[in-house]
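Okay, so here's the structure we're looking at.
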Amino acid sequence: MAGVDLGIDLGTTKIIIYRRDKGIVLEEPSVVAYNTRSGKVVAVGHEALAMLGKTPAYIQTECPIRDGVISDHRYTEYLVKEFVRKVTRSYLIKPRIAICIPSAITHVEARAVVDAAMSAGARQVYLVDEPLAAAIGAGIDVVKPEGHMLVDCGGGTSDVAVISLGGIVTANSLRVAGNTFDEAIIKYIQTSYKLAVGTKVAENLKKEIGCVFDPDESVTATVKGRNLLTGYPEQITITQAELFEVLRPYAAEIVMAVRNVLERTPPELIGDIHENGIIMTGGTSLLKGLAELIEENTGIRTRLAEDPIRCVGIGTGTCFESMGELKEGFENAATYSH
């Protein structure tokens, strides 16, 4: 039991933990509910998410990880600590922990991630670049001298990278992802229909009829919310074509990031990418038409990984098996210690 290795996908909306000998052992929302009077944590994960928007004034729900980085250190530490304890079932076991981070993260932000893992009882911490973890999780042999392009669209960030010989050749990270689309939907409904809706409603609407390529006017969905003028509950119908106009500009930003990375990629690797295609991972990659939009704009075959949502978590956990061969993007966090 002493040698426990954990891979943690510290996502903006979800935390996934992969245990080396057991596979995915935890998948919970990165949400904390706490009492503002005492400062004590009331619930984490699924339990806290169920409370979102339904709590009394003195109970606050918060997502302590925003845009792929830690915004509230204390509650992130609590989340990691609780989840690590849940999967090891003990405070005594000191695991080795690998945590994935966005490729454009700053030294200070990376340090915050390391501190959170150390306070959770890790005996050693490794940082893994998110695209590298996604590629390993998607079953790509990243150590080969062959170019592969990954587009990892999560809740807080979208990472685009070209990987070869166990390292990242070119990369781009932008803070346009799932949450950006949700916020755009909330703003549109509020402005156009004077209807207030929550994050959950916007997310469900995005999953149900959200589209960024070739929308169908006949596809509709009903939305319930509070009328901002009367204060009463109200129900409206929204079409897929309407949402297309709202979501397309943000999808275009992701496409621009892909083109930007392709422009900076060495010619030798472009041929490999053209042959291997672009692989998409992350929950937002499931947005209808996103893969088709990238394919149309780049002329390169674009496909979803087998398990896009869990790809990064699986890749982070299995990094330990090839840590000696990874050139970059997998580093011992001792570089961030005092």
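The values are calculated or read from the model by the stated rules, or taken from the named source; none is laboratory data. Remember, predicted model here, so these are calculated numbers, not experimental data. Here Cβ is always computed from backbone atoms with ideal geometry, including for glycine, and neighbour counts include all displayed protein chains. Accessible surface is based on the protein model in full, side chains and every heavy atom, while ligands, DNA and RNA are left aside. Shrake-Rupley method; radii C 1.70, N 1.55, O 1.52, S 1.80 Å.
Of note:
- Per residue accessible area of the chain, 1.4 Å probe, in Å²: 45 Å²
- Cross-link partners of residue 206 among lysines (Cα-Cα below 16 Å; sequence separation of 8 or more within a chain): 187, 224, 288
- For residue 309, the residues whose modelled amide H falls within less than 5 Å of its own, excluding neighbours fewer than 5 places apart on the same chain, are 282.
- Protection proxy ranking of 246-253, 175-182, by the mean of other Cβ atoms within 10 Å over each peptide's residues and highest first, is 175-182, 246-253.
- Cα centroid of the stretch 89-147 to Cα centroid of the stretch 194-253, whole Å: 35 Å
- Entries of 22/81; 54/81; 81/207 with Cα pairs more than 21 Å apart: 54/81; 81/207
- Residue with peak Gaussian network fluctuation, the chain [Cα springs, cutoff 10 Å], from 163, 314, 105: 105
- Within the stretch 1-152, the percentage of alpha carbon pairs spaced more than 20 angstrom apart rounds to 50%.
- Computed accessible area, residue 118, all protein chains, 1.4 angstrom probe, square angstrom: 90 Å²
- For the chain, a crude dipole built from +1 on the beta carbon of Lys and Arg and -1 on the beta carbon of Asp and Glu, taken about the Cα centre, is about 1560 debye to the nearest 20.
- Backbone N under 15 Å from the residue 307 label point (7 Å along Cα→Cβ), restricted to the stretch 274-289: 281-283
- Shape of the stretch 115-159, Cα gyration tensor, a/c cut at 1.5: oblate
- For the chain, the relative contact order comes to 20 percent (Cα pairs under 8 Å, sequence separation of at least 6).
- Beta bridges per DSSP with both ends in the stretch 149-290, % antiparallel, nearest 5: 80 percent
- Between residue 73 and residue 85, full extension at 0.36 nm per residue minus the direct alpha carbon distance yields a gain of 2.5 nm.
- Calculated log₁₀ intensity ratio I(q)/I(0) where the Debye formula runs over C-alpha points of the chain, q = 0.06, 0.08, 0.09, 0.10 Å⁻¹: -0.22, -0.39, -0.50, -0.61
- Overall form of the stretch 164-209 per C-alpha gyration tensor (a/c, 1.5; a/b vs b/c): prolate
- P(r) weight above 15 Å for the stretch 85-169, C-alpha pairs, percent: 63 percent
- From phi via Karplus (6.51, -1.76, 1.60), per-residue ³J(HN,Hα) for the stretch 218-232 in Hz, x at Gly/Pro: 7, 7, 9, 8, 9, 10, 10, x, 10, 5, 6, 8, 9, x, 9
- Extension gain from residue 37 to residue 59, taking 0.36 nm per residue of separation minus the Cα-Cα distance: 7.1 nm
- Set of the stretch 1-36 residues, backbone N closer than 17 Å to the point 7 Å along the Cα-Cβ line of residue 92: 1-4
- Within the stretch 185-274, the proportion of Cα pairs with more than 18 Å between them is 54 percent.
- The relative contact order of the stretch 22-132 comes to 22 percent, based on Cα pairs under 8 Å that sit 6 or more residues apart.
- Here the chain exposes an accessible surface that is 50 percent carbon and sulfur, computed with a 1.4 Å probe and the other protein chains kept in place.
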